[in-house]
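Okay, so here's the structure we're looking at.
The values are calculated or read from the model by the stated rules, or taken from the named source; none is laboratory data. Just so we're clear, the structure is a prediction, and the values are computed from it rather than from any experiment. Glycine gets a Cβ as well: all are built from the backbone with ideal geometry, and neighbour counts include every protein chain shown. The protein model used for the area step is the full one, side chains on, heavy atoms only, and it has no ligands, DNA or RNA in it. Shrake-Rupley method; radii C 1.70, N 1.55, O 1.52, S 1.80 Å.
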Amino acid sequence: MMITRRTLAGLVAGTALLPAALRAQQAPVAMPATGERPWAKEVPQIRIGLLGGENESDRLGRFDAYRKLIEDTFKVPTRLFPAADYAGVMQAFSAGQIEASSMGASGYAGVWLDTNGAVEPLVVPLESDGSSSYISVMVTRKDSGITSLEQMKGRSLAWADPNSTSGYLIPRSELRNDGIDINSFFSRTGFAGGHEQGVVAVLQKQYDACCTWASGIGDQSKGFSRGNLQAMVEKGMLNMADLNLIWKSRPIPNGPLVVRKALPAAFREDFTNFHLALPDSHPKIYADIERGGGKGYVRVTHEMFAPIVQLRRDEAAERRRRS
């Protein structure tokens, strides 16, 4: 079964419906009271996976105050587990080695398939305009002279990670549906090892272009309001004036905070409420872990990611067909 325009249309339609459906849930939530919980007997520690795509010291630095706040709130030891790539977090979920992680939609779909539905999404971040989606973008160096997708014919393209929604799954799907044979259109493609690494590879002339993620709203000269480009600008790693943005995807549903479904219901509710309350109670921690501003979080269900699950199945079928 190939990835079809119908599948992509379902994804876009579903994403368009999310904001209206989710805004109704946005009642203020209080941060859970500090103290020990009965569920701690079943969850003696909270292990949180951190996706790859950013150097480890930066990831640990961004998440340390978040880790400490969880530990102080629930009086349970909390540890961070940075993975080298997306697959590391997915494998940790499959092996029951972590309790929670924020993931992209494709990563969540992949681990849901790998574990036969043993994980569930709790919340997704809302963008500063209230939407719950973002976009994939393709960027080139300003001095390359490449200002359009058509000019990428015969050039090299870096994907972020094979389990990245915006850095692999969606751009491959959309380009294929626009009639581009990825295997012959580009001179070569490869994996950079993450979003940050992909942009660095372009800046260092290792690839002509890469795909990465951005909110798609806000000031483009600052890397938009949220996303990898914004984070790299903020860290002094990137000047947007050095890049051309030559392609944008349709809206992609924001990736969820994911937990193992076997965890106690009381833990999952506490953990959900903790995140719903976080932006108002600790805005600096919220901004650090979300790599930019937004309007907080909102509850989600697995059904909202069904189109992405189908895209994962379709992509796997396409790989089998090619081999």
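Test of understanding: among Asp129, Asp143, which residue is out of contact with any strand residue (DSSP E or B) (no Cβ under 8 Å at 6 or more places or on another chain) and modelled with pLDDT under 95?
Among Asp129, Asp143, only Asp129 is out of contact with any strand residue (DSSP E or B) (no Cβ under 8 Å at 6 or more places or on another chain) and modelled with pLDDT under 95.
Restricting to segment 31-73, and then to whatever is under 18 Å from Gly107 (Cβ atoms) and small (Gly, Ala, Ser), can you tell me which residue is modelled with the lowest pLDDT?
Of everything passing the filter in segment 31-73, Gly53 is modelled with the lowest pLDDT.
Which one of these does His275 not meet: (1) open to solvent by 20 Å² or more (accessible area, probe 1.4 Å); (2) within 28 Å of Leu60 (Cα to Cα)?
Among (1) open to solvent by 20 Å² or more (accessible area, probe 1.4 Å); (2) within 28 Å of Leu60 (Cα to Cα), the lone unmet condition for His275 is (1).
Kindly state which helices (runs of 4 or more DSSP H) lie completely within segment 45-135 and contain at least 3 residues that are open to solvent by 50 Å² or more (accessible area, probe 1.4 Å).
56-74, 105-114
Within segment 155-260, which helices (runs of 4 or more DSSP H) (wholly inside it) include 1 or more residues that are acidic (Asp, Glu)?
Those helices (runs of 4 or more DSSP H) span 170-177, 195-203, 228-234.
Consider only pairs whose beta carbons are under 6 Å apart and that are at least six residues apart or on different chains; among these, list those whose first residue lies in segment 180-197 and is closer than 22 Å to Gly223 by Cα and in contact (Cβ under 8 Å) with a residue 40 or more places away in the chain and whose second residue is open to solvent by 30 Å² or more (accessible area, probe 1.4 Å) and of a type in the set (A, V, I, L, M).
none
Go through (1) surrounded by 19 or more Cβ atoms within 10 Å (Cβ to Cβ); (2) closer than 30 Å to Leu149 by Cβ; (3) modelled with pLDDT of 95 or more; (4) among the hydrophobic types (A, V, I, L, M, F, W, C) and name the single condition Met237 misses.
Of everything listed in (1) surrounded by 19 or more Cβ atoms within 10 Å (Cβ to Cβ); (2) closer than 30 Å to Leu149 by Cβ; (3) modelled with pLDDT of 95 or more; (4) among the hydrophobic types (A, V, I, L, M, F, W, C), Met237 misses just condition (1).
Of these, Lys248, Lys235, which one is more than 15 Å from the chain's Cα centre (by Cα), closer than 21 Å to Leu51 by Cα and in contact (Cβ under 8 Å) with a residue 60 or more places away in the chain?
From the options Lys248, Lys235, the qualifying one is Lys235.
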